[in-house]
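Take a look at the structure below.
The values are calculated or read from the model by the stated rules, or taken from the named source; none is laboratory data. Bear in mind the structure is a predicted one, so any value in this text is a computation, not a measurement. Here the Cβ is made from the backbone with ideal geometry for all residues, glycine too, and neighbour counts use every protein chain on show. Remember, those area values only see protein heavy atoms, side chains included, never the ligands or the DNA or RNA. Shrake-Rupley method; radii C 1.70, N 1.55, O 1.52, S 1.80 Å.
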Amino acid sequence: MADMMQLSEFLQKGRAKEVKELVQQAIDEGMSAKAILEGGLMHGMGIIGEKFKKNEIFVPEVLIAARAMNAGTELLKPLLIEDGVETKGTVVIGTVKGDLHDIGKNLVAMMMEGKGMKVVDLGSDVSAEKFVEAAQEQKANIIACSALLTTTMNQMKNVVKAVEDAGLRDSVKIMVGGAPVTESFCENIGADRYTADAATAAETAVELCQ
Ligand code: B1M
């Protein structure tokens, strides 16, 4: 039986190969994507975050752990995609300008895809203008912005303004999320919906397209 504490430890040590093997073993044994994510991968990343905060580890170690996390979550993607689901709408997603944290955004994108949304992932460090251009090109229903830094979350305000300036405010909904983002921040900047986690973000995206 795949041991989720061992998975957490491999992730903390940035051992991507072992993370992949253990995630695959857990999948083969029939463990749910949620159990693997929460019990192993996110548990490990939580400990990394705590150690980073206390200056017990530094950026290189965090980066290596993040790579191992992405290697593990990629394997979970097929489990999160429901077979035969018709496209419910289009979402343009990215991490805001100045922000390189993409793990949470990747999870949100995967889960949205899993719920039948067409997801156009712009990556990280995405400017307000780029969000708007992509939304126009893709005729998107939703722009979804992620931010992990208190210094970059304010970029979301620029996205709301750029959407307004482009005359898209009535046709495009704006979703925001990421660790420092809150419901009241969402209201203050005039975005449409804040969600705290990837699964709720995916459900909300579908709801907004109905
Ligand atoms: Co950074 N980092 N980091 N980091 N990093 C944090 C965010 C920090 C809290 C660490 C700490 O001090 N404890 C801190 C921010 C402090 C603050 O602003 N208050 C911090 C800092 C300071 C920095 C640097 C400035 C460090 C430096 O250089 N001195 C630097 C900034 C670089 C930049 O972006 N310009 C930096 C760099 C990095 C790495 C590159 C090394 C790496 C990122 C690698 C990568 O993403 N590819 C990294 C990492 C990994 C972290 C921590 C440890 C983990 C983040 C993570 O991936 N969590 C983080 C500490 C922590 O969060 N505890 C930290 C797992 C992920 C699944 O969770 O992203 O929260 P999260 O996503 C969740 C929800 O938030 C939500 O759903 C997800 C799961 O359900 N969600 C959404 C996310 N987006 C959403 C969008 C939605 C809805 C929900 O709708 C659209």
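Couple of notes before you dig in:
- CD proxy at 222 nm, helix term only [per DSSP H run n ≥ 4: -39500 (n - 2.57); per residue of the chain; nearest 500]: -16000 deg cm²/dmol
- Based on Cα atoms of the chain, Rg over Rh with Rh as the Kirkwood radius reads 0.99.
- Packing, taken as the mean count of other beta carbons within 10 Å per residue, orders the peptides 166-176, 87-97, 134-144 from highest to lowest as 87-97, 134-144, 166-176.
- Accessible heavy-atom area order of Arg67, Arg15, highest first, probe of 1.4 Å: Arg67, Arg15
- With the alpha-carbon atoms of the stretch 86-210 aligned to their principal axes, the span from lowest to highest coordinate is 38, 30, 24 Å, starting with the largest.
- Rg over Rh [alpha-carbon atoms, Kirkwood Rh] for the stretch 40-151: 1.02
- Of the GluC sites (Glu not before Pro) found in the stretch 19-119, those in coil by DSSP whose Cβ has at most 14 other Cβ atoms within 10 Å are Glu29, Glu56, Glu82, Glu86.
- By the compact-protein rule of thumb, 2.2 N^0.38 Å, the alpha-carbon radius of gyration of the stretch 1-101 corresponds to a ratio of 1.19.
- Reachable aspartates and glutamates from Lys51, criterion Cα separation under 12 angstrom, eight or more residues apart if same chain: Glu61
- Amide H contacts under 5 Å for Gly116, placed H, 5+ residues apart: Glu82
- Counting only residues at least eight positions apart within a chain, or on another chain, the lysines with an alpha carbon under 20 Å from that of Lys53 are Lys13.
- Relative contact order of the chain, defined on C-alpha pairs under 8 angstrom at six or more residues apart (%): 17 percent
- Neighbours of Ile143 by Cβ distance under 15 Å: Lys/Arg scored +1, Asp/Glu scored -1, total +2.
- Overall shape: oblate for the stretch 140-210, with the ratio a/c of the largest to smallest alpha carbon gyration tensor axis at 1.5 or above and b/c at least equal to a/b.
- Placing +1 on the Cβ of every Lys and Arg and -1 on the Cβ of every Asp and Glu, with no other charges, gives the chain a dipole of roughly 400 debye about its Cα centre.
- Stretchable slack from Arg169 to Phe52, in nm (0.36 nm times residue separation minus alpha-carbon distance): 38.2 nm
- Grouping the Cα pair distances of the stretch 18-77 into 10 Å bins from zero gives a pair-distance distribution of 23, 50, 22, 5 percent in increasing distance order.
- Under-12-angstrom lysine pairs by C-alpha in the stretch 90-209, whenever the two are 8 or more apart or on separate chains: 4
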